[in-house]
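Every read-out reported here was derived from the displayed coordinates using simple, explicitly stated rules and does not represent laboratory data. Keep in mind the model is a prediction, meaning the values are calculated, not measured. Reconstructed Cβ throughout: ideal geometry from the backbone, glycine too, with neighbour counts over all protein chains shown.
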Amino acid sequence: MPWTKWWMYCNPGVCLTRFVLLVSKVILSLPLSPQQIQFADQQQDFNKRLSKTGRRSRSFSQSSTVNYNSAVSYTDCSEDATSPRDRQQRSSKGHQDFCIKNIRQAGLGRREIAIAEQEMPALMALRKRAEGEKPLAGAKVVGCTHITAHTAVLMETLSALGAQCRWAACNIYSTQNAAAAALAEEGFPVFAWKGESEDDFWWCIDHCVSLEAWQPNMILDDGGDLTHWIDKKYPNIFKMMKGIVEESVTGVHRLYQLSKAGRLCVPAMNINDSVTKQKFDNLYCCRESILDGLKRLTDVMFGGKQVVVCGYGEVGKGCSAALKAMGSIVYITEVDPICALQACMDCFRLVKLNDVIRQVDMVITCTGNKNVVGRDYLDRMKNGCIVCNMGHSNTEIDVASLRSPELTWERVRSQVDHVIWPDGKRIILLAEGHLLNLSCSTVPTFILSITATTQVYYFYNLYNAPEGRYNKDVYLLPKKMGKTPHYLPTALLLRLWPDFTCQRLTPTSQS
């Protein structure tokens, strides 16, 4: 026999394959047993019954796909179409001072809060250390932030430290209804639900402030809407405030405008530009959540897609890094020369939006400014371009200009819309221009723990400051804020990794 055939017969792998094929032929040639014949007949009868009743079988993979797509919206299908404002709800403890989607979700929300507490070690350690002293006793905090399980941990920490809280949502899409229900069940006055209208949004804010028997003396804001509302509608209450803590770049800009105009009546703390917010929340939170939000809503593949990221601040850096790691071709637009140089040194191509708008597959805004993507850019986008916002303000994309008679809006699924031009071109608009990650996905709890702990520290410093320490201006506290609190990143690092030692990072005694 030729040497090639000899090798085939002596090769163990080939012999095993031939043996398996031979055994298979023998088994298939054997007659069926009575039990097997009976089972085959039953299977045929079952299939006939299915065809007669008109039912169709689906594979497991098909069912999973349908369930995933229908679950993306995170809506409560069991709830009727009536607004929570038209329903009177009562907690198991008799509380009625709240307006949420469904108080019966309190159990689910409590379990989600318990999970969040495990990922928020710094805030829990602060609560445990200071709750006996009640350093915020007498503080009446009115808040307007994203109402999630992470915010619930923050509110319960403020309450444990002695503060009273009333809360509304700063985003009409970001509220986690279960977390809001858990807070309402515990007696927190919460006015928020997912999918509010613009009228509902301002109604909820007003109900946090307008209670005659309860007047706030501290504000925790995210975006400046609450501060703006109190300043315009309740100027007497605004003058009596002890301070404001503002988290977002948009809200900080509005505070500086009030200060420049001489209308800022109270001291305000700038959380957004603090080192812990900039270097952790803005960067790492967006780096992880941008992909989650896009995948949930569009099922898009990132590899090879051309993406333009407008803005290369900390948010833009996080989004660009995540998209680049997934194989996207990322372009950057930036007006700040320092950030623009950083983009170049990070191997991103710096462009003008006007030069690439016709060719890119995605446009992501990360600036916090107004009308970054105007109607002229939207008109020139390619068919199927995905447009979304990762900056705070919902005015970065000129959505108002898209609500014109010549354009058609088509709802694909919750928070995904096709905007169709007369020639048939369509773009995919996500969350109607609102913040993508908190509206359409989730964010890392651990990162929010850092920001939430910073907020509590700023509250402590502002509320307990002696008379005259702060003027009516916007302040940014340094990394080391006197004797209390300790340098936050170090405290958090040592809390998570007790064995980590570094003389340069260990908090030193302060005089």
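Rounded to whole numbers, the Karplus 3J(HN,Hα) couplings from phi for segment 230-242 are 5, 4, 7, 9, 10, x, 5, 5, 4, 5, 8, 5, 8 Hz, using 6.51 cos²θ - 1.76 cosθ + 1.60 with θ = phi - 60°, and x at Gly and Pro. Taking 0.36 nm per residue of separation and subtracting the Cα-Cα distance, full extension of the segment from Glu133 to Tyr256 would add 40.9 nm. Largest first and in whole Å, the equivalent-ellipsoid semi-axes of segment 279-333 read 17, 14, 8, each the square root of five times a Cα gyration tensor eigenvalue. What the Cα convex hull of segment 285-440 gives, in volume per residue, is 97 Å³.
Using 0.36 nm per residue and subtracting the Cα-Cα separation, the extra length available between Lys93 and Arg411 on full extension is 110.5 nm. Proximity of backbone amide H atoms, modeled 1.01 Å from N, is registered between Val416 and Ala431 at under 5 Å, excluding neighbours fewer than 5 places apart on the same chain. A simple count of charges around Cys170, restricted to other residues whose Cβ falls under 10 Å of its Cβ and scoring Lys, Arg +1 and Asp, Glu -1, yields -4. Across segment 354-454, Cα pairs under 8 Å and at least six residues apart give a relative contact order of 25 percent. Taking every alpha-carbon pair in segment 221-364 and binning the separations at 5 Å intervals from zero gives 2, 9, 16, 17, 14, 12, 11, 9, 6, 3, 1, 0 percent. Full extension of the segment from Val335 to Gln359, taken as 0.36 nm per residue of separation minus the current Cα-Cα distance, would add 6.5 nm.
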